[in-house]
Amino acid sequence: MNLIDEQVEHASFGAGKVIGAGEGRISVRFADGVGEKAFLYPEAFDQHLKLQDPKKQQNIGEEVRQKKITVAEEKRVEEQKRVDEEVRLAEEKAAAKKPARKKAAKKA
């Protein structure tokens, strides 16, 4: 979604205008005392920024929801990989101990 020149509202900084977007970030120019600020996109629209155009704000809300789902899925996959690796290491460790027990039994 093209957000360049869109008007936004920030809870602390007030009204601003999107002046740049790309690589998961947007830049917003606020009033003179605040200046230009960069935000993560679309995450900033979850708590900090709101578009003045209600239809575009609704679309951004959907992007935020999709991003949350994607992040949650990525975390789940990473956690599963971590658990799988722990299981694999535990199995390797157990397998390494078994031959040592058989050798000890033969010596006795």
Could you list all residues from the stretch 24-49 that are crowded, with 17+ Cβ neighbours inside 10 Å and either in contact (Cβ under 8 Å) with a residue 40 or more places away in the chain or aliphatic (A, V, I, L, M) (or both)?
-> Ile26, Val28, Ala44, Leu49
Answer yes or no as to whether Asp5 is under 12 Å from Ile60 (Cβ atoms) and not hydrophobic (A, V, I, L, M, F, W, C).
-> no
Would you point out the residue of the stretch 4-23, among those that are among the aliphatic types (A, V, I, L, M) and part of a strand (DSSP E or B), that is surrounded by the most Cβ atoms within 10 Å (Cβ to Cβ)?
-> Val8
Test: Val64 is surrounded by 10 or more Cβ atoms within 10 Å (Cβ to Cβ) and touching a helix residue (DSSP H, G or I) at 6+ places or on another chain (Cβ under 6 Å) = yes
For the stretch 37-73, enumerate the residues that are more than 13 Å from the chain's Cα centre (by Cα) and more than 19 Å from Asn2 (Cβ to Cβ).
-> Lys37, Gln47, His48
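Readers should treat all values here as calculations from the given coordinates under stated rules, not as data from a laboratory. All of these numbers come straight from a predicted model, not from anything done at the bench. We place every Cβ from the backbone using ideal geometry, glycine too, and count neighbours over all the protein chains shown.
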